[in-house]
Amino acid sequence: MILRAGRRADAAPVEPPWRCETPGGDPLSDVLRTVRLTGALFFLVDASLPWGVEVPPAAAFSSIILPRAQHVVSYHVILKGSGWANIPGVASTWFETGDVLVLPHGDPYSMLSSPGQAPEFDAGETMEYLRDMAAGKLPFVSREGGGGEPHCEFVCGFLGCDMRPFNPVLSTLPRLLRVRRAETGGDDLLSQLIGLTLAEARQPRSGGQSIRLRLSELIFVEVMRQYLESLPAHQTGWLSGLRDPSIGRVLAMIHERPAHPWTLAELARHAGLSRAALAARFTQLVGHAPMQYRTLWRMQIAARLLADSSMKVAAVGREIGYESEAAFSRAFKKAVGVSPAVWRDRAAGTD
């Protein structure tokens, strides 16, 4: 899951992500691996009343915490206490112990002990704080606020990932996602991962930062799984499609064999639906027609291979089902907006 700064001339070809899947496929793992989910920054805040922080758009600080990342996702695990999260244009959201807040689209936001109050730290001060935290100048636990009770404790996680050309998970999430952790008395996987992270922070050892960042990635994946399991029946989006028995089967087949020349009729037969029913239900839930989704997913795989390997353009095209370099290049430029060569140069920082 390491985000590489650029392609080396002698880089070995990247193993296509679908080749290491277990039988039956796992589209969520496919996506999170192929979009290069990468831990960027992870720390704990212990805030006393009154407290508040304003966070600038992710694009403003992504180069500080994870240079060359296409996109940064913020999330917060509330360990104790309560407060309010605010995004411009979105109603204030109250949160409490056990909640996880995910901000998938890089919006500016604030977290406050009470609605409408002025933040203790404005966006500029938060930028400086993130700069120092990324440089290793600050401890894992950050204490802030006015010294009053009760305290609010929350974990702050920042992850890098690709958004272009296609990230089906993040593209369908709301601007602010509030997930309630499972009430299992601390025995659920998410609580165990958080406990491991805090234990690692309390006993500093060599390599501790790397372990915490990998754990932060696992925490995010588990949050997405819990969100998937809690979705209401009427919800739409890629994760809802994944949960639907018929559409989930189709997504798994496309992800498991992206180079296969799938047709709508073949996918419908495997899904146990008519072609019309599959097209309508897939489009309603996922937001793309089945064949359009197949193309977008192929292009995401191709973009990853172009950026991270020395494979020739024609070889990349063959990996995802195109018989000729010309056909692949036309399809890639139509879907992504630039040619495979230009995409590779930009990923390597030579354009």
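The values are calculated or read from the model by the stated rules, or taken from the named source; none is laboratory data. Because the structure is predicted, anything quoted here is derived from the model rather than measured. Heads up, the Cβs are rebuilt from the backbone with ideal geometry, glycines too, and the neighbour counts pull from every protein chain shown. Note: accessible area is taken over every heavy atom of the protein model, side chains too, but ligands, DNA and RNA are not part of it. Shrake-Rupley method; radii C 1.70, N 1.55, O 1.52, S 1.80 Å.
The sole residue among 102, 169 that is at pLDDT below 95 and surrounded by 14 or more Cβ atoms within 10 Å (Cβ to Cβ) is 169. Considering only residues that are open to solvent by less than 50 Å² (accessible area, probe 1.4 Å) and touching an Asp or Glu at 6+ places or on another chain (Cβ under 9 Å), which ones fall in the stretch 57-73? If the condition is that a residue be open to solvent by less than 50 Å² (accessible area, probe 1.4 Å) and touching an Asp or Glu at 6+ places or on another chain (Cβ under 9 Å), then 58, 69, 71 are the ones that fit.
Could you list, in sequence order, the residues of the stretch 128-151 that are outside any strand (DSSP E or B) and surrounded by fewer than 17 Cβ atoms within 10 Å (Cβ to Cβ)? If the condition is that a residue be outside any strand (DSSP E or B) and surrounded by fewer than 17 Cβ atoms within 10 Å (Cβ to Cβ), then 128, 131, 132, 135, 136, 137, 138, 139, 146, 147 are the ones that fit.
Residues of the stretch 237-267 that are hydrophobic (A, V, I, L, M, F, W, C) and part of a helix (DSSP H, G or I): 238, 239, 242, 247, 250, 251, 252, 253, 254, 264, 265, 267. Any residue that is within 23 Å of residue 33 (Cβ to Cβ), in contact with a Pro (Cβ under 7 Å, 6 or more places away or on another chain), of a type in the set (Gly, Ala, Ser) and in a helix (DSSP H, G or I) - is there at least one of those in the stretch 268-281? No, because not a single residue in the stretch 268-281 is within 23 Å of residue 33 (Cβ to Cβ), in contact with a Pro (Cβ under 7 Å, 6 or more places away or on another chain), of a type in the set (Gly, Ala, Ser) and in a helix (DSSP H, G or I).
Only a single criterion out of (1) out of contact with any strand residue (DSSP E or B) (no Cβ under 7 Å at 6 or more places or on another chain); (2) within 19 Å of residue 169 (Cβ to Cβ); (3) surrounded by fewer than 21 Cβ atoms within 10 Å (Cβ to Cβ) is not satisfied by residue 239, namely (3). Within the stretch 284-300, is there a residue that is touching a helix residue (DSSP H, G or I) at 6+ places or on another chain (Cβ under 8 Å), without any contact (Cβ under 8 Å) to a residue 60 or more places away in the chain, more than 19 Å from residue 165 (Cα to Cα) and open to solvent by 10 Å² or more (accessible area, probe 1.4 Å)? Within the stretch 284-300, one or more residues are touching a helix residue (DSSP H, G or I) at 6+ places or on another chain (Cβ under 8 Å), without any contact (Cβ under 8 Å) to a residue 60 or more places away in the chain, more than 19 Å from residue 165 (Cα to Cα) and open to solvent by 10 Å² or more (accessible area, probe 1.4 Å). Based on this model, can you work out whether residue 154 counts as over 13 Å from residue 41 (Cα atoms), part of a strand (DSSP E or B) and open to solvent by less than 20 Å² (accessible area, probe 1.4 Å)? Yes.
Scanning the stretch 157-166 for residues being open to solvent by 10 Å² or more (accessible area, probe 1.4 Å) and either of a type in the set (A, V, I, L, M) or assigned to a strand (DSSP E or B) (or both) gives a total of 1. For beta carbons closer than 8 Å, sequence separation of 6+ or different chains, a first residue in the stretch 306-326 that is assigned to a loop (DSSP other than H, G, I, E, B) and a second that is open to solvent by 40 Å² or more (accessible area, probe 1.4 Å) and among the basic types (Lys, Arg), the qualifying pairs are 309/7; 310/7; 310/8.
Yes or no, residue by residue, for (1) over 25 Å from residue 322 (Cα atoms); (2) touching a Ser or Thr at 6+ places or on another chain (Cβ under 7 Å):
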| site | (1), (2) |
| --- | --- |
| 240 | yes, no |
| 245 | yes, no |
| 249 | no, no |
| 255 | no, no |
| 262 | no, no |
| 266 | no, no |
| 269 | no, no |
| 284 | yes, yes |
| 289 | no, yes |
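Can you name every residue in the stretch 45-76 that is more than 26 Å from residue 349 (Cα to Cα) and either modelled with pLDDT under 95 or part of a loop (DSSP other than H, G, I, E, B) (or both)? 50, 51 - these are the residues of the stretch 45-76 that are more than 26 Å from residue 349 (Cα to Cα) and either modelled with pLDDT under 95 or part of a loop (DSSP other than H, G, I, E, B) (or both).
Of the residues making up the stretch 105-127, those that are open to solvent by less than 60 Å² (accessible area, probe 1.4 Å) and either over 22 Å from the mean Cα position of the chain (by Cα) or under 16 Å from residue 47 (Cβ atoms) (or both) number 11.
The condition (being surrounded by 14 or more Cβ atoms within 10 Å (Cβ to Cβ) and more than 26 Å from residue 139 (Cβ to Cβ)) is satisfied by just one residue among 252, 233: 252.
Within the stretch 309-351, restricting attention to residues that are open to solvent by less than 10 Å² (accessible area, probe 1.4 Å) and of a type outside the set (Ser, Thr, Tyr), the residue that is farthest from residue 258 (Cα to Cα) is 340. For the stretch 181-202, the criterion of a residue being surrounded by fewer than 14 Cβ atoms within 10 Å (Cβ to Cβ), touching a helix residue (DSSP H, G or I) at 6+ places or on another chain (Cβ under 8 Å) and not in a helix (DSSP H, G or I) is satisfied by at least one position.
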